[in-house]
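Before any comments, here is the structure.
The values are calculated or read from the model by the stated rules, or taken from the named source; none is laboratory data. Since the structure is predicted, the reported quantities are computational estimates derived from the model, not experimental observations. Here the Cβ is made from the backbone with ideal geometry for all residues, glycine too, and neighbour counts use every protein chain on show. The protein model used for the area step is the full one, side chains on, heavy atoms only, and it has no ligands, DNA or RNA in it. Shrake-Rupley method; radii C 1.70, N 1.55, O 1.52, S 1.80 Å.
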Amino acid sequence: MNKWLKTILFLAGSALLTRFIPFSSLFRNLDTMIHEFGHALVTLLLSGKVLRIELYANHSGVTYSAIQAGGRAILVSLAGYPLASLFSLLLFYLYAKGRHQWGLVLATGVAVIMLLLYVRGGFGVLWLSGFIVLNVAMMIFWKKVSKYYYLLLAFLTLEESVTGTLYLLSLAIISPDRAGDASNLARLTPLPAVVWTLLFFGLSLLCAKWALGFFFKGNKGRTHLSERTR
């Protein structure tokens, strides 16, 4: 079977199955957290100032920042979707290397930074606080189930990185002025919003293809290890 078709079918099946997991919708905000953190990180790297970050229960978010107009503003607008896709890829890479605890530490660290420095009140504070507590509990008290919890986070983040850009693409076609980061980039560059969303979507699919490759590689490695130790 073609690898791209296999990737799309696996993502569709995963998205369908994870809908049946209780409270899975809450964990989909991890993708939003990384997306907004991407905007904040690039803002800081370019000597801008992050004013505040808001996370919402509908998996959307917004980062308010002060940055010099021009190329720097373009880079800040570019950062969210690619970083979220690359983060999902990193989670699967760490899984393949047997380092899922590192992924939990990284996600928890980002949540702590956002909670202490940028998110003020509302759903965002509640979600970040609960996410941090649950992650710490998994790493300290529930190590035996932490791998399965980690895989849930990894797959939900991977799904959201793809479906989020696909939804953005539909907005760019139907209502270009409402396409979030793509609309901002369209105002800052000669390219229309739909072109930017196609780039975001293409990158998310590429990361998904690589991520699933790491997933199957990780499972295959564990199977071989189990066979050798019998």
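Here is how the numbers come out for the structure above:
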{"read-out": "Subset of segment 109-142 [in contact with a strand residue (DSSP E or B) (Cβ under 8 Å, 6 or more places away or on another chain), assigned to a helix (DSSP H, G or I) and open to solvent by 30 Å² or more (accessible area, probe 1.4 Å)]", "value": "Leu117, Gly122, Phe123, Val125"}
{"read-out": "Output for segment 43-64, where each listed residue is more than 24 Å from Leu126 (Cα to Cα) and among the aliphatic types (A, V, I, L, M)", "value": "Leu44, Leu45, Leu46"}
{"read-out": "The lone exception for Leu89 - which of (1) surrounded by fewer than 21 Cβ atoms within 10 Å (Cβ to Cβ); (2) under 12 Å from Thr157 (Cβ atoms) it fails", "value": "(1)"}
{"read-out": "In segment 37-48, the residues that are open to solvent by 10 Å² or more (accessible area, probe 1.4 Å) and in a helix (DSSP H, G or I)", "value": "Phe37, His39, Leu41, Val42, Leu44, Leu45"}
{"read-out": "Unmet criterion (only one of (1) part of a helix (DSSP H, G or I); (2) touching a strand residue (DSSP E or B) at 6+ places or on another chain (Cβ under 6 Å)) for Leu51", "value": "(1)"}
{"read-out": "Any hit, segment 174-194, residues being in a helix (DSSP H, G or I), of a type in the set (Lys, Arg) and either under 29 Å from Ile74 (Cα atoms) or at pLDDT 95 or above (or both)", "value": "yes"}
{"read-out": "Any hit, segment 54-61, residues being open to solvent by less than 40 Å² (accessible area, probe 1.4 Å), in contact with a helix residue (DSSP H, G or I) (Cβ under 9 Å, 6 or more places away or on another chain) and of a type outside the set (Val, Ile, Thr)", "value": "yes"}
{"read-out": "Given (1) under 20 Å from Ala111 (Cβ atoms); (2) open to solvent by less than 20 Å² (accessible area, probe 1.4 Å); (3) out of contact with any Leu (no Cβ under 7 Å at 6 or more places or on another chain), number of the condition Ser14 does not satisfy", "value": "(1)"}
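This table checks each residue for (1) open to solvent by 50 Å² or more (accessible area, probe 1.4 Å); (2) polar (S, T, N, Q); (3) out of contact with any Lys or Arg (no Cβ under 6 Å at 6 or more places or on another chain); (4) in a helix (DSSP H, G or I).
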site	(1), (2), (3), (4)
Ala69	yes, no, yes, no
Ala73	no, no, yes, yes
Gly80	no, no, yes, yes
Ala84	no, no, yes, yes
Tyr93	yes, no, yes, yes
Gly103	no, no, yes, yes
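To keep it simple, each residue is scored yes or no on (1) at pLDDT below 95; (2) more than 22 Å from the chain's Cα centre (by Cα).
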| site | (1), (2) |
| --- | --- |
| Tyr150 | no, no |
| Trp196 | no, no |
| Phe200 | no, no |
| Gly218 | yes, no |
| Ser226 | yes, yes |
